[in-house]
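Here the structure is laid out as structure tokens; the discussion comes afterwards.
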Amino acid sequence: MTHATARTPEKPAPAAAVPSLDVRDAAVNLGGVKALDGVSLTVESGRLYGLAGPNGSGKSTLLAAISRLLDLTSGSILVGGEDIMRRSPFQVARMGLARTFQTVRLMPQFSVLENAMLGADQSVYGSSFLRQWLMPWWTRSREARVRARAEAALERLHLMDLRDQPPLSLSYGVQRKVEIARALTAEPRLLLLDEPTAGMNRTERDEIGELLLRLRNEGVTQVLVEHDLKMMVDICDHLYVLDSGHLIASGRPTECIREPKVVEAYLGRGRRAAA
């Protein structure tokens, strides 16, 4: 896929389906700063959503709140119709949510394959107590299945030749791909991607774009944070745009990026900074 190709037609949302994600009037105050201020958005099942905005707009804060790594000051978040405000990150992962992070978070002491296998951990066991009690049984009866899932994820990202390598011996762009493979090993229903193509060259970025489209067509709901607006316009079904913690635009990507508030958010800041 290249960005010169025609945009894939928008995939229609299922009628009367429970949204995969429903954010309602979400607010986060960090040290007196409103990182999110009354943000509401809906993510329908089986679609690819883009979450855009300049630096400091609240994108990563919103992903952290959805994955329960950060508490809301007010508002609520529902995953699959269930309020997750009292759930732990582990419990939310068990509901089928997986994510990548803005910075690489791989385990340097493990191989590429072993890092990918870690993605299945939360989808295989229950509580930490049960995990410890059942560890010998899990090792015997589940390791082969988890390994197969991890290998399938690595294969999708053309990483199988690197399966035995330590991740820190690889380029930054390849490490990002290992993180995506780890998330896919969890076989998520809702996948949050925080700048997954950072550090990649154009060929690698196009490869990831094609992968995300395939996942969408397989029914995996995705929320993509990405600085490459052209990529988001090419592959996303719907675009949300944040600025200074506020939702300023929502709709078809080609229409959103032309809205005056969006143009001002991206270009106005640059003009003011240069003044």
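The values are calculated or read from the model by the stated rules, or taken from the named source; none is laboratory data. Predicted model only: the values in this text are computed from it and were never measured. Glycine gets a Cβ as well: all are built from the backbone with ideal geometry, and neighbour counts include every protein chain shown.
Structural remarks
- Within region 203-231, the set of residues being hydrophobic (A, V, I, L, M, F, W, C), in a loop (DSSP other than H, G, I, E, B) and touching a helix residue (DSSP H, G or I) at 6+ places or on another chain (Cβ under 6 Å) is empty.
- Single unsatisfied condition, Arg176 versus (1) under 21 Å from Glu114 (Cα atoms); (2) in the same structural domain as Val39 (by TED's automatic domain parsing); (3) assigned to a helix (DSSP H, G or I); (4) not hydrophobic (A, V, I, L, M, F, W, C): (2)
- Given (1) surrounded by 13 or more Cβ atoms within 10 Å (Cβ to Cβ); (2) modelled with pLDDT of 90 or more, number of the condition Val104 does not satisfy: (2)
- The residue that is surrounded by the most Cβ atoms within 10 Å (Cβ to Cβ), among those in region 28-47 that are on the phi < 0 side of the Ramachandran plot, touching a His at 6+ places or on another chain (Cβ under 8 Å) and assigned to a strand (DSSP E or B), is Val39.
- Selection count where residues are in contact (Cβ under 8 Å) with a residue 24 or more places away in the chain, assigned to a helix (DSSP H, G or I) and out of contact with any Ser or Thr (no Cβ under 7 Å at 6 or more places or on another chain), scope region 232-255: 4
- Beta carbons closer than 6 Å, at least 6 apart along the sequence or on distinct chains, pair a first residue in region 172-192 that is modelled with pLDDT under 90 with a second that is outside any loop (DSSP other than H, G, I, E, B) for Gly173/Glu204.
- Among the residues making up region 109-122, those that are at pLDDT 90 or above and not β-branched (Val, Ile, Thr) are Gln109, Phe110, Ser111, Leu113, Glu114, Asn115, Ala116, Met117.
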